[in-house]
């Protein structure tokens with residue numbers, strides 16, 4: 001049985017200029033969960049604190065459609081069942097996973113860079129031969145993350161992507177991010193010595209694979225990212 005950890009943000013607090021909270025971006029957890037479950041993976045959902053809340057912007061009719069909305073609205077869906085059993089990351093640091101997948105939402109900019117237990121699981125997964133994936137703002141988990149073997153930033157010299165600065169600008173959130181003392185994903189890449197690979201357009205479905213690290217740009221890229229992560233897991237295990 002291939003084991004995957006689906007990381008979600010534990011931050012569910014004020015962010016948007018109008019005072020709205022941010023939190024987990026629904027499709028960026030639902031779509032990866034469904035794809036991994038369909039592949040027969042055993043999926044555990046965890047956040048740093050064992051808590052989570054949704055970003056209301058991710059629950060609008062435009063943002064949450066079709067199969068993903070059905071799954072979200074069905075209280076007994078396998079996704080909602082797993083989410084009800086969300087784990088605290090510190091309770092999982094001794095477990096072995098084949099895939100670490102960081103879902104997102106702007107909330108991850110707040111907690112992922114300080115999420116020491118999620119980061120430990122990520123590093124252990126990678127050093128044990130597993131795959132690390134992150135979508136949209138999920139690569140915030142690479143901030144302040146050191147490879148214990150090399151003592152260098154984990155993504156130094158690696159190619160990664162993530163939500164674009166242009167996208168933040170179009171959403172009117174560039175100043176908000178700065179005012180909260182947070183970094184954009186491109187800034188995280190630069191700080192950690194990674195090469196940031198931009199998509200052609202900020203809303204294109206786009207993902208980048210660099211060995212055992214897979215990253216995607218935006219909610220539209222959640223499926224592409226998890227699909228490429230599965231390919232990476234299968235190439236490692238073969």
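Things worth noting here:
- Single match in 6, 64 (criterion: modelled with pLDDT of 95 or more, part of a loop (DSSP other than H, G, I, E, B) and surrounded by 20 or more Cβ atoms within 10 Å (Cβ to Cβ)): 64
- The requirement of being within 19 Å of residue 214 (Cα to Cα), at pLDDT 95 or above and more than 16 Å from the chain's Cα centre (by Cα) is not satisfied by residue 134.
- Selection status of residue 70, out of contact with any helix residue (DSSP H, G or I) (no Cβ under 8 Å at 6 or more places or on another chain), within 23 Å of residue 221 (Cβ to Cβ) and surrounded by fewer than 22 Cβ atoms within 10 Å (Cβ to Cβ): yes
- Whichever residue in the stretch 176-190 is outside any loop (DSSP other than H, G, I, E, B) and either touching a strand residue (DSSP E or B) at 6+ places or on another chain (Cβ under 8 Å) or without any contact (Cβ under 8 Å) to a residue 40 or more places away in the chain (or both) and, among such residues, is farthest from residue 219 (Cα to Cα): 179
- Only one entry in 167, 162, 157 is in a loop (DSSP other than H, G, I, E, B), touching a residue at least 12 places away in the same chain (Cβ under 8 Å) and crowded, with 17+ Cβ neighbours inside 10 Å, namely 162.
- Selected residue [modelled with pLDDT of 95 or more, over 19 Å from the mean Cα position of the chain (by Cα) and surrounded by fewer than 23 Cβ atoms within 10 Å (Cβ to Cβ)] from 90, 77: 77
- Once the stretch 52-61 is narrowed to residues that are in a helix (DSSP H, G or I) and out of contact with any strand residue (DSSP E or B) (no Cβ under 8 Å at 6 or more places or on another chain), the residue that is farthest from residue 26 (Cα to Cα) is 57.
The values are calculated or read from the model by the stated rules, or taken from the named source; none is laboratory data. Nothing here was measured: the structure is a model prediction, and the numbers come from that model. Using ideal geometry, Cβ is built from the backbone for each residue, glycine included, and neighbour counts are taken over all protein chains shown.
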